[in-house]
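The values are calculated or read from the model by the stated rules, or taken from the named source; none is laboratory data. Since this is a predicted model, take the numbers as computed values, not measurements. With ideal geometry, Cβ positions are generated from the backbone for all residues, glycine too; neighbour counts draw on all protein chains shown.
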Amino acid sequence: MNKSIVLILAGGVGSRMKLSIPKQFVVVDGLTVLQHTMLAFQQHQLISSIYVVTSPEWHDEVRRQAEKADISKFAACVNAGENSFLSAKNGIQYLCEKEDENTVVLIHDAVRPLVSQDIISRNIAVCLSRGNAITALASQESYMVIANQPGGNDTEINSHEYIPREHLLRAQTPHTFLLKELAKMMQECEERGIKYSQSIFTLANELGHVPLHIAEGEMINFKLTLPSDFTFFQAVLREISE
């Protein structure tokens with residue numbers, strides 16, 4: 001059976017949070033956000049190794065946190081890049097040197113700490129049966145398309161059209177591929193001079209590595225982006241523990 005591992009992207013600086021430290025290192029209910037995320041993968045029986053991509057100055061801290069939280073599956077830190085895309089690229093290139101090409105790689109945001117065991121299981125199963133897996137949810141709302149880009153004296157945003165919700169999915173992470181497919185995508189980026197994409201799933205679309213297959217996500221698998229998200233995260237943790 002194919003080995004399954006996770007590459008956790010923890011290189012962000014969290015500028016929108018206006019915190020003194022990156023949000024993945026903020027302590028919530030006795031553990032950092034990153035520790036909560038690592039524990040989710042530690043607890044899954046099919047995950048054999050955990051790799052964390054983060055800035056070099058945080059490597060020692062990540063190792064310390066992994067040891068303190070008894071993350072026995074922690075394997076290594078990888079240097080983050082200037083943005084999330086380059087961080088993922090660095091991580092994939094590192095894995096190519098350490099893991100078999102048929103390894104199932106789940107790429108996950110460190111700041112989605114409530115990823116469930118079911119989501120992890122679905123990603124692995126869909127990837128093995130269909131070739132890849134992108135965690136996603138059906139949209140509950142329709143979306144308005146912005147018609148103008150406010151600037152100068154024009155501060156009003158307006159819209160002339162919408163996208164029906166039946167046509168939309170909300171992408172989450174993990175994004176899951178075989179390592180050999182990720183390696184091929186990174187090689188194509190080099191050849192085509194691509195230096196940025198919003199995520200691995202958007203890159204797969206840009207390179208034509210489609211179709212992408214859906215592993216059902218969950219509302220609780222949200223990304224910590226704004227200060228209010230931490231309040232909700234803490235409330236969920238308390239509800240789970242009761």
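The table below gives the values:
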item: Strands (runs of 3 or more DSSP E) enclosed by the range 142-199 - at least 1 residues per element that are touching a residue at least 60 places away in the same chain (Cβ under 8 Å); result: 169-178
item: Scope the range 105-134; condition among the charged types (D, E, K, R) and either over 16 Å from His44 (Cα atoms) or crowded, with 24+ Cβ neighbours inside 10 Å (or both); matching residues; result: Asp109, Arg112, Arg130
item: Residue in the range 127-137 that is hydrophobic (A, V, I, L, M, F, W, C) and more than 30 Å from Phe233 (Cα to Cα) present; result: yes
item: When residues of the range 221-242 are limited to those that are at pLDDT 95 or above and under 15 Å from the mean Cα position of the chain (by Cα), the one surrounded by the fewest Cβ atoms within 10 Å (Cβ to Cβ); result: Lys223
item: The range 197-220, residues that are under 22 Å from Leu34 (Cα atoms) and surrounded by fewer than 17 Cβ atoms within 10 Å (Cβ to Cβ); result: Gln198, Glu218, Met219, Ile220
item: Any chance Leu203 is over 25 Å from Ser129 (Cβ atoms), in contact with a helix residue (DSSP H, G or I) (Cβ under 7 Å, 6 or more places away or on another chain) and at pLDDT 95 or above; result: no
item: Qualifying residue in the range 91-101 (condition: within 16 Å of the chain's Cα centre (by Cα), of a type outside the set (Asp, Glu) and at pLDDT 95 or above); result: yes
item: Hits in the range 203-242 (condition: within 20 Å of Ile119 (Cα to Cα), assigned to a helix (DSSP H, G or I) and β-branched (Val, Ile, Thr)); result: Val236, Ile240
item: Near pairs, Cβ below 7 angstrom, 6+ apart or cross-chain, from the range 2-13 (without any contact (Cβ under 8 Å) to a residue 12 or more places away in the chain) to any residue that is surrounded by fewer than 24 Cβ atoms within 10 Å (Cβ to Cβ) and part of a loop (DSSP other than H, G, I, E, B); result: Val13/Pro22
item: Residues of the range 18-39 satisfying the condition of being among the basic types (Lys, Arg) and in contact with a Leu (Cβ under 9 Å, 6 or more places away or on another chain); result: Lys23
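Condition check ((1) under 30 Å from Gln24 (Cα atoms); (2) of a type outside the set (A, V, I, L, M); (3) modelled with pLDDT of 95 or more) across all residues:
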position: Leu114; (1), (2), (3): yes, no, yes
position: Gln117; (1), (2), (3): yes, yes, yes
position: Ser142; (1), (2), (3): no, yes, no
position: Ala147; (1), (2), (3): no, no, no
position: His160; (1), (2), (3): no, yes, no
